[in-house]
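Following: one structure in C-alpha cells, then a few remarks.
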Amino acid sequence: MASYPVKQRRFVLRASLLSVCILAALFMVQCGIGNEPAHFVKEPLPYTLEALSPYISAQAMDLHYNKHYAGYVKKAIALTRGTDCGGKSPEEVIRMTSGDEDRQAIFNNAAQAYNHAFFFNCLTPEGGGAPEGLLAEMIDGAFGSFENFKEAFVSAAGARFGSGWAWLVLEDGQPAVFTGSNADTPIAHGLVPLLAVDVWEHSYYLDYQNRRAEFVETVLDHLVNWDFVASQLPEMEAQTEQAETDTESDAATPADPQEAASAAAAEEEGSSHADEAHHG
Ligand SMILES: [Fe+2]
C-alpha cells in the first residue's frame, strides 16, 4: 500500500514526459525542423521545348524534361527529407551518398537530377561547332585538335554499355573524356564537369531509335552551348566572380570627396558660362 503513491507518481511523470515529447515532435514537424529535404528544384529549361527541333523534337524534350528529369527531382526531394542530407546542395548530397550501398536510391536520384540540369544547360538552339578562346586552346592542347576530341567523345559515348552519360571534364586541370553508367557523375570522382551528353535511351530513342552515335554527333555539331561549357572552367568562374565583386564594390564605394567637389565646381562653372552665353 505504501508503494502505490510512488508508482502513481512515476506513472504521472512518464506520462508527462511522453506528452512533452509528442508535443515537441508535432512542433518540429509543424515548423519543418528535421523534415527539410535537400535543395533540389526542377531547374527552368533555358529554351522552349520545341527550340532544339529538328535535332531534338518537342515530344522528346517534353518527355525528357517534364517526365524523366522531373521524376528524379521529385524523388530526390522525397528521399532526402528528414535525413542528414536535408538542407544540402545537390553536389553535397552526391558526395555524401556516393559509394554508400545503403543510400544507393538517394545517390541515383540526386545524381540524375544534377546530371539532367547540367545537360539541359549544355544545349542551345544554333549551338554546336567548335568552341573558341581558352576552352579551344585547352581542348587542342589535350587532344591535338577539336576533331580528335570529337572523335574520342563520340567513340566513348558509343562504347558506354547500357544507360549512362558522356562528359568532357577537367582531370587534374586538363580536359578529358569521361563516361559513367546509369547515374554516375564526375562530381562523385572529384572531376570538374564541363559538358554532358545523356546517352540513356530515353534521351534519343524517340528521334534516333538505336543510332546513339548519330545523336551524339548531332549534339556536338548543332546544339552544344560552348559559352556555358566554357563558363564551367575554374578560370572563367573566377573571372566572373571577380567581375561581380568589382561591380558590387564600385556601387558601394562612395565618391572621392575631392573629386566630387571638383566635379561640382566644374559643373557650376560650366553652368555659369552657359548662363552668360544665354544672356549674352
Ligand atoms: Fe535523361
Practice problem: Could you please tell me which pairs satisfy a Cβ distance under 6 Å, a separation of 6+ or placement on different chains, a first residue in the stretch 67-96 that is touching a residue at least 12 places away in the same chain (Cβ under 8 Å), and a second residue that is among the small types (Gly, Ala, Ser) and within 14 Å of the ligand (Cβ to nearest atom)? | Solution: TYR72/ALA113; VAL73/ALA113; ALA76/ALA113; ILE94/ALA111
Exercise. Answer yes or no as to whether ALA110 is closer than 21 Å to LEU194 by Cβ, surrounded by 21 or more Cβ atoms within 10 Å (Cβ to Cβ) and aliphatic (A, V, I, L, M).
Key: yes
Practice problem: Answer yes or no as to whether THR124 is within 24 Å of TYR55 (Cβ to Cβ), within 16 Å of the ligand (Cβ to nearest atom) and surrounded by 18 or more Cβ atoms within 10 Å (Cβ to Cβ). | Solution: no
Quiz item: Can you name the residue in the stretch 193-212 that is within 14 Å of the ligand (Cβ to nearest atom) and outside any helix (DSSP H, G or I) and is also surrounded by the fewest Cβ atoms within 10 Å (Cβ to Cβ) among such residues?
Solution: TRP200
Quiz item: If we keep just the residues of the stretch 49-70 that are more than 14 Å from the ligand (Cβ to nearest atom) and farther than 12 Å from PHE120 by Cβ, which is surrounded by the most Cβ atoms within 10 Å (Cβ to Cβ)?
Solution: TYR55
Quiz prompt | Enumeration of residues in the stretch 95-120 that are of a type in the set (A, V, I, L, M) and within 16 Å of the ligand (Cβ to nearest atom) | solution = ALA110, ALA111, ALA113, ALA117
Quiz item: Which ones in the stretch 153-192 are within 15 Å of the ligand (Cβ to nearest atom), out of contact with any Pro (no Cβ under 9 Å at 6 or more places or on another chain), free of Cβ contacts under 8 Å to residues at least 40 places away in the same chain and in a strand (DSSP E or B)?
Solution: GLY164, THR179, SER181
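Read the figures in this text as sums done on the coordinates, not as results from a lab. Since the structure is predicted, the reported quantities are computational estimates derived from the model, not experimental observations. Please note: Cβ atoms are built from the backbone with ideal geometry, for glycine as well, and neighbour counts cover all protein chains shown.
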